[in-house]
Amino acid sequence: MNLFSEKIREVLFSVAPITIIVILFNFTITPLGAPLLLRFLIGSILIILGLSLFLIGVDLGVAPLGSLTGSSLAKTNKLWLIIVGGFILGFVISIAEPGLIVLANQVDIVTAGLISGISIVMVVSVGLAIMLSFGFLRIVYNVPLSRVLTVLYGLTFLLALFASPEFLAISFDASGATTGVLAVPFILALAAGISSLKKDSKASENDSFGLIAVVSVGAIMSVLIMSIILRTDSFTGAFELITPQKSGIIGPFIHIMPVIIRETFLSLLPLLLILLVFQRLFELNRKTLAKIFKGFLYSFIGLFIFLVGVNAGFMDVGSIVGYSIAAFGNKALIIIFGFILGVVTILAEPAVYVLTHQIEDVTSGYVRRKSVLVALSVGVGFAVALSMIRILVPGIQLWHYLLPGYLISIALIYFTQELFVGIAFDAGGVATGPVTATFILAFTQGVAESIEGASVIIDGFGMIATVALTPIIALQVLGYFFKIKSRKEGLLRNEQ
């Protein structure tokens with residue numbers, strides 16, 4: 001019970017800011033109406049409860065299974081098994097990721113089916129699976145992460161030259177969406193499991209991070225290749241704004257439950273199958289097996305409650321708030337509110353909790369999770385603000401942010417601590433979870449719909465791509481300061 005109350009308290013402080021801001025909006029510049037406001041408040045309660053249960057489930061079941069799987073693959077010392085195992089694990093984890101499903105459904109809706117949701121899910125899952133195998137090999141053969149990321153992002157921008165602007169936005173968004181509530185804890189645990197077998201403790205610590213960064217690039221490259229092969233011409237999207245008059249209170253929650261329970265079951269099914277295969281091969285003791293099953297149960301219940309709250313309580317509010325703020329015509333107001341929402345929304349992302357706790361655990365408290373959270377929040381705030389500027393200024397395109405942004409991030413690799421390279425690029429994927437993919441994406445699309453000349457597809461979907469970029473730079477800057485701090489501490493020890 002102490003663990004549950006601890007998680008509830010932690011999540012409450014994270015979700016409270018965005019809840020308070022929306023309530024203030026309701027009584028000032030963007031009246032939502034009683035039904036929609038009540039839906040939002042119910043959604044907030046469900047998110048707090050669901051996220052708390054889910055995080056307990058991750059600690060008890062998902063993370064231990066990932067760690068056991070990673071270490072067991074590495075112990076085999078069979079290259080082909082590591083490659084095949086990485087591909088299978090990557091595919092089954094990605095294909096059931098709720099964040100990717102949310103994004104794929106939104107792409108399907110706004111493109112009127114021209115880009116089907118299932119095609120996005122399948123293509124991204126294959127790309128992630130290939131890169132997970134590659135990421136395993138990088139850890140096993142001690143290939144520096146800096147070199148790998150430099151090459152991969154070089155190839156990515158080469159492919160981007162031949163892709164349409166619409167696919168450019170969707171491809172980078174897919175990268176963030178696929179590393180969500182289930183993929184992140186399992187992939188982090190896989191990396192920790194494989195790297196823990198290394199005799200060099202420093203190398204083991206560094207390689208505990210960076211695998212998410214590698215698989216994220218796979219998602220981008222796969223969609224860009226899809227664009228080049230299909231040679232899809234430019235297209236326009238449709239966006240239907242949900243008005244307070246069209247919304248009920250309890251009805252939307254009940255209506256969405258069958259869909260969410262199916263998606264939640266399908267999300268956890270691959271992990272359950274991995275557990276059964278693992279049990280057949282390695283025969284876990286009953287106590288460990290019971291603990292993992294208990295964790296899966298917590299994860300299922302928590303994820304179901306969380307997704308119901310996000311989808312039925314948050315998404316519609318985000319679009320209305322964005323549309324209403326943009327309707328005022330005050331550009332500075334739109335940018336400022338975008339920054340504020342970015343800062344507070346990231347605190348409610350479940351994968352952020354998993355990553356920041358693992359950072360603190362792996363570094364034995366050397367890197368405090370509060371420091372990482374502050375850097376992440378500021379980075380995401382700037383990302384949403386930059387997305388608002390891109391909507392408001394027609395001449396600014398997504399690549400105007402991505403090209404210099406990733407060039408800066410690649411350059412910073414060679415100036416920051418190696419540990420922070422993996423942490424920073426992992427954080428880029430972690431920042432774009434289900435809350436961002438619903439509330440902030442809906443907010444951005446609402447703004448784009450309200451601004452004349454803006455595109456819901458190009459301007460709306462490119463937001464997640466920007467959110468995945470800025471935390472990388474923010475955390476690498478943080479890593480640079482840690483590097484300076486370490487040098488000063490070393491000098492003081494030498495003087496003493």
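Any idea how many residues of the range 10-36 are loosely packed, with under 14 Cβ neighbours inside 10 Å and either touching a Lys or Arg at 6+ places or on another chain (Cβ under 9 Å) or modelled with pLDDT of 80 or more (or both)?
Summing the residues that are loosely packed, with under 14 Cβ neighbours inside 10 Å and either touching a Lys or Arg at 6+ places or on another chain (Cβ under 9 Å) or modelled with pLDDT of 80 or more (or both) in the range 10-36 gives 5.
How many of the residues making up the range 405-449 are under 19 Å from residue 148 (Cα atoms) and either β-branched (Val, Ile, Thr) or free of Cβ contacts under 8 Å to residues at least 12 places away in the same chain (or both)?
Total meeting the criteria: 8.
Considering 125, 164, which residue is small (Gly, Ala, Ser) and more than 18 Å from residue 216 (Cβ to Cβ)?
Result: 164 is the single residue among 125, 164 that is small (Gly, Ala, Ser) and more than 18 Å from residue 216 (Cβ to Cβ).
Looking at residue 52, is it in contact with a Lys or Arg (Cβ under 7 Å, 6 or more places away or on another chain), touching a residue at least 12 places away in the same chain (Cβ under 8 Å) and either polar (S, T, N, Q) or surrounded by fewer than 19 Cβ atoms within 10 Å (Cβ to Cβ) (or both)?
yes
Out of everything in the range 44-82 that is aliphatic (A, V, I, L, M) and modelled with pLDDT of 85 or more, what residue ends up being farthest from residue 284 (Cα to Cα)?
Going through the qualifying residues, I end up with 45.
Could you check the range 359-393 and list, in sequence order, the residues that are part of a helix (DSSP H, G or I), more than 18 Å from the chain's Cα centre (by Cα), free of Cβ contacts under 8 Å to residues at least 24 places away in the same chain and within 24 Å of residue 439 (Cα to Cα)?
370
Take residue 22 and tell me if it is out of contact with any Asp or Glu (no Cβ under 8 Å at 6 or more places or on another chain), in contact (Cβ under 8 Å) with a residue 60 or more places away in the chain and under 23 Å from residue 327 (Cα atoms).
Spelling it out, residue 22 is indeed out of contact with any Asp or Glu (no Cβ under 8 Å at 6 or more places or on another chain), in contact (Cβ under 8 Å) with a residue 60 or more places away in the chain and under 23 Å from residue 327 (Cα atoms).
Can you give me the ranges of the helices (runs of 4 or more DSSP H) entirely in the range 413-496 with at least 3 residues that are closer than 26 Å to residue 32 by Cβ, small (Gly, Ala, Ser) and modelled with pLDDT of 70 or more?
441-450
Condition check: surrounded by fewer than 20 Cβ atoms within 10 Å (Cβ to Cβ), closer than 16 Å to residue 186 by Cα and touching a Phe, Trp or Tyr at 6+ places or on another chain (Cβ under 8 Å). Does residue 72 satisfy that?
yes
Sort out which residues of the range 276-327 are within 30 Å of residue 24 (Cβ to Cβ), among the hydrophobic types (A, V, I, L, M, F, W, C) and modelled with pLDDT under 80, and write them in order of number.
Listed by number, the residues that qualify are 314, 315.
The values are calculated or read from the model by the stated rules, or taken from the named source; none is laboratory data. It should be emphasised that the depicted structure is a prediction, and the values quoted were computed from it without experimental measurement. Here Cβ is always computed from backbone atoms with ideal geometry, including for glycine, and neighbour counts include all displayed protein chains.
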